[in-house]
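Undergrad: Take this structure, written in structure tokens, and hold onto it; I'll ask about it next.
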Ligand SMILES: Cc1ncc(COP(=O)(O)O)c(C=O)c1O
């Protein structure tokens, strides 16, 4: 329990005691737009303003009436400009008017991942508990670059990173983790650590299904151009990896993916770990998507071998239901993080560190850092591993359900059984057209549903047996509350759009055309 400092009067009820209210009206400026969020008085004002903002959010969502606004970019741009005709006026409109205008426009024009038909991307619907924690963290605003800006938040981060390290590397006391803005940053840091470990240029070898941020990280870090290994059916084959490593001078950093962006495929991690170990490569696993399986007792086995990686990227804003951003990089051995150490006298002077102030600066490439750990800690505590595991299982079960529904629809073709929560399919009518026209039909279905505001589907190009890429519709199911009936409705919409566009030559690529 936190104790009041020496010479400071303790509140009668300790740190959670009632706030003294006498001075409140004196402290609130006449204009709430200029008031502060923190301290003893701020929360009451924030509560009032949040009520206004959330009413506007609900009104905007009701007005939108679906996963995304109808009408496409022009209609949305018009509505936003009408709500904010002069975004930086000479004189302000006041807190309540501003919140109402901006938040209503934001919600009315949102692609809302909480809508069951918003299934395009690894863009998850945040949990209410996480959003509440995140908002509150914003009112207090700890900056995670020094202990004197984030005393409790720094300690929470130690607890959360230790828990995540234990999840990725069970039974490995040397494991550690750092918080990042997401897997893009995690992948950069992983390659940086591999480079520093090799004490020189390190050769990246990854698959053609690796996320684009991986070869980009190599470019950013001045590493040699990545060697890209073609996948077989979307999966990195260990023999192909071994052959690529044989013909490429090392030292190497190998990356594998646990949950590819386009298909949700988990590379064969134990075999890849064998190949990487045989040539002394640093193994990094991008588990931005699949990492969520670690919570699930029934599906964790899909990640067997993950703990043989030197570094693992995890994203809790995917299967973790956090508001952006909530990335982590786990490392098998905390000593690997040493290259992140840096001294800045104003943040982590040697004498302060020697006197016992924790050094937070060496836990990131960034300096000022949002306390993303607060929402993560709250979510972990609220749901526990089993609660998060159940949410993961529901998303995966929804993917299995929709795959089953596709089996029963002769007009639609499933690419392959889902491994995670991604399902790829295309209308059979597209297969009956030449490649280009078929792909245009698929692209047109996606755009027409988007333009009409009825559904947000993703797309993925998948190489066929002849190596030619064909376009598929993609469902990325991250909403644990999606129902079988929602998915039926979604497939009905796709079939209606396919029928309409297939029967209307020249309309397939028209983004503004709306089915039904
Ligand atoms: C496999 C994989 N890695 C990395 C990323 C990038 O993650 P972020 O957007 O959190 O930086 C993604 C994004 O979807 C991904 O799917």
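Undergrad: At q = 0.24 Å⁻¹, what is the log10 ratio I(q)/I(0) for the range 220-316, with the Debye formula run over Cα points and no solvent?
TA: So the normalised log intensities are -1.35.
Undergrad: In nm, what is the difference between 0.36 nm times the number of residues separating residue 346 and residue 114 and their Cα-Cα distance?
TA: Gain on extension, residue 346 to residue 114, equals 79.3 nm.
Undergrad: Please give the contour-minus-distance gain from residue 121 to residue 386: 0.36 nm per residue of separation, less the Cα-Cα distance, rounded to one decimal in nm.
TA: Value of the extension gain: 92.9 nm.
Undergrad: Could you work out how far apart the two model spin labels at residue 208 and residue 232 are, taking each label as a point 7 Å from the Cα in the direction of the beta carbon, and quote it in nm?
TA: Here the modelled spin labels are 1.5 nm apart.
Undergrad: What is the gain in length, in nm to one decimal, between residue 163 and residue 70 on full extension, counting 0.36 nm per residue of separation less the C-alpha to C-alpha distance?
TA: 29.2 nm
Undergrad: Still on this model: Wrap a convex hull around the Cα atoms of the range 403-460, take a quarter of its surface area, and give that in square nanometres. Provide the component values of the computation, followed by the final result.
TA: Details: hull surface 17.4 nm².
Mean orientational projected area (the range 403-460, Cα hull): 4.3 nm².
Undergrad: When the Debye formula is applied to the Cα atoms of the range 108-180, each taken as the same point scatterer, what base-10 log of I(q)/I(0) results at q = 0.25 Å⁻¹?
TA: The computed values of log10 I(q)/I(0) come out as -1.09.
Undergrad: Could you tell me what % of all Cα pairs in the range 241-370 have separations over 19 Å? Intermediate results must be reported in sequence, preceding the final value.
TA: Numbers: 4972 of 8385 pairs.
The share of Cα pairs beyond 19 Å in the range 241-370 comes to 59 percent.
Undergrad: Pop the C-beta distance of residue 81 and residue 106 into the FRET formula with R0 = 22 Å and round what comes out to the nearest 0.05.
TA: Between residue 81 and residue 106 the formula returns 0.95.
Undergrad: Which value results for Rg/Rh of the range 50-192 when Rg is the Cα radius of gyration and Rh the Kirkwood radius based on the inverse mean 1/r?
TA: Using only Cα positions, Rg/Rh for the range 50-192 is 1.07.
Undergrad: What is the P(r) of the range 120-233, as percent of Cα-Cα pairs per 5 Å bin from 0?
TA: Here the calculated profile for the range 120-233 is 2, 9, 12, 16, 17, 17, 14, 8, 4, 1, 0.
Undergrad: Looking at the range 327-409, what % of the alpha carbon pairs are farther apart than 20 Å?
TA: Values: 2074 of 3403 pairs.
Cα-Cα pairs in the range 327-409 separated by more than 20 Å: 61 percent.
Undergrad: Would you please state which residues of the range 160-199 a label at residue 365 would reach in this model, taking the label point 7 Å out along Cα→Cβ and a backbone N cut-off of under 19 Å?
TA: 177-199
Undergrad: When averaged across all projection directions, what area in nm² does the alpha-carbon convex hull of the chain cover?
TA: Numbers: hull surface 112.3 nm².
That works out to 28.1 nm².
Undergrad: When the convex hull of the Cα atoms of the range 386-502 is projected onto a plane and the area is averaged over all directions, what value comes out in nm²?
TA: So the mean shadow area of the Cα hull is 7.3 nm².
Undergrad: Then there's this: Using all alpha carbons of the range 60-107, what is the percent of pairwise distances in each 5 Å bin, ordered from the shortest bin to the longest?
TA: So the P(r) values, bin by bin, are 4, 20, 29, 24, 12, 8, 3, 0.
Undergrad: In terms of the ratio Rg/(2.2 N^0.38 Å) built on C-alpha atoms, what value belongs to the range 142-370? Write down the numbers at each step before the final one.
TA: Values: Rg = 17.4 Å, N = 229, 2.2 N^0.38 = 17.3 Å.
Against the empirical 2.2 N^0.38 Å value, I get 1.00 for the range 142-370.
Undergrad: Another one. Which peptide among 108-119, 236-247 comes first, and what is the full order, when sorted by highest mean count of other Cβ atoms within 10 Å? The partial results should precede the final answer.
TA: Numbers: 108-119: 20.6, 236-247: 17.3.
Highest mean packing first, the order is 108-119, 236-247.
A short reminder: the numbers here are calculations on the coordinates, not readings from a lab. Bear in mind that the values here come from a model prediction, so they are computed numbers and not experimental data. Cβ atoms come from the backbone with ideal geometry, glycine included; neighbour counts cover every protein chain shown.
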